[in-house]
Amino acid sequence: MKILVLDDEKIVGERLKASLEKDGHALETFINPVAALDRIREKAFDVVITDIRMDDMDGIQILEAVRKKAEKTKVIMITGYATLEVARESLTKGAFDFIAKPFKLKEIRGAIQKAEDALQAEKN
């Protein structure tokens, strides 16, 4: 799976990259939402994992941009500010999954597996 991770906390991307590459996924990590958006525009990803609260741009804007460019891409939202309202907005706008921080690696792995299963089902 080709996965892009966007989180303004560098450590989040580093930890996910190290763990998920061991699972055989190809990861690109970004701390700058504008740079991540540029990359999303030039390359297709199977999964985009994005933080919701960031300085220059929020995860909802990233979600909307991904939905416009690549409808099949599964977007997993992560946030330290998990409210029902934010979760509802994310899912209404097309997020595949929503995970509150601090999260366990198995939660991310589970969401990626669900995304992979959904992508396979769409191909069939």
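Looking at Leu20, Leu91, Leu84, just one residue is farther than 18 Å from Asp8 by Cα and crowded, with 21+ Cβ neighbours inside 10 Å, and that residue is Leu20.
Residue by residue, here is whether (1) under 11 Å from the mean Cα position of the chain (by Cα); (2) farther than 26 Å from Thr83 by Cβ holds:
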site: Arg15; (1), (2): no, no
site: Ala18; (1), (2): no, yes
site: His25; (1), (2): no, yes
site: Glu42; (1), (2): no, yes
site: Phe45; (1), (2): yes, yes
site: Arg53; (1), (2): no, no
site: Met57; (1), (2): no, no
site: Lys68; (1), (2): no, no
site: Glu71; (1), (2): no, yes
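Annotation note: of Val5, Val12, the sole residue that is among the β-branched types (Val, Ile, Thr), outside any helix (DSSP H, G or I), out of contact with any Cys (no Cβ under 7 Å at 6 or more places or on another chain) and touching a residue at least 40 places away in the same chain (Cβ under 8 Å) is Val5.
Would region 57-64 turn up any residue that is touching a residue at least 40 places away in the same chain (Cβ under 8 Å) and assigned to a helix (DSSP H, G or I)? Scanning region 57-64 turns up at least one residue that is touching a residue at least 40 places away in the same chain (Cβ under 8 Å) and assigned to a helix (DSSP H, G or I).
For region 94-124, the tally of residues that are loosely packed, with under 11 Cβ neighbours inside 10 Å and among the small types (Gly, Ala, Ser) stands at 1. The residues listed here are Ile76, Ile52, Ile60; of these, the one that is out of contact with any strand residue (DSSP E or B) (no Cβ under 7 Å at 6 or more places or on another chain), of a type in the set (Val, Ile, Thr) and closer than 20 Å to Ala100 by Cα is Ile60.
Between Ile40, Ile60, Ile31, Ile52, the distinction of being more than 14 Å from Ile3 (Cα to Cα), surrounded by 22 or more Cβ atoms within 10 Å (Cβ to Cβ) and of a type outside the set (Asp, Glu) belongs to Ile52 only.
Of Ile112, Ile76, Ile49, Ile62, all but one fail to be in contact with a Pro (Cβ under 8 Å, 6 or more places away or on another chain) and modelled with pLDDT of 95 or more; the exception is Ile62.
Mind checking which residues of region 75-123 are touching a helix residue (DSSP H, G or I) at 6+ places or on another chain (Cβ under 6 Å) and either within 11 Å of Ile52 (Cα to Cα) or not in a strand (DSSP E or B) (or both)? Give the steps one after another, and end with the answer.
The initial filter retains those residues of region 75-123 that are touching a helix residue (DSSP H, G or I) at 6+ places or on another chain (Cβ under 6 Å), namely 75-77, 93-99, 105.
Residues satisfying the conditions are Ile76, Met77, Lys93, Gly94, Ala95, Phe96, Phe98, Ile99, Leu105.
Does at least one position in region 8-16 carry a residue that is in contact with a helix residue (DSSP H, G or I) (Cβ under 9 Å, 6 or more places away or on another chain) and closer than 14 Å to Ile62 by Cα? Scanning region 8-16, I find at least one residue that is in contact with a helix residue (DSSP H, G or I) (Cβ under 9 Å, 6 or more places away or on another chain) and closer than 14 Å to Ile62 by Cα, so the answer is yes.
Which residue out of Lys72, Lys68 is of a type in the set (Lys, Arg), outside any helix (DSSP H, G or I) and surrounded by fewer than 19 Cβ atoms within 10 Å (Cβ to Cβ)?
Values: Lys68 fails: outside any helix (DSSP H, G or I).
Step by step, each of Lys72, Lys68 is checked, and only Lys72 is of a type in the set (Lys, Arg), outside any helix (DSSP H, G or I) and surrounded by fewer than 19 Cβ atoms within 10 Å (Cβ to Cβ).
The values are calculated or read from the model by the stated rules, or taken from the named source; none is laboratory data. Keep in mind the model is a prediction, meaning the values are calculated, not measured. Glycine gets a Cβ as well: all are built from the backbone with ideal geometry, and neighbour counts include every protein chain shown.
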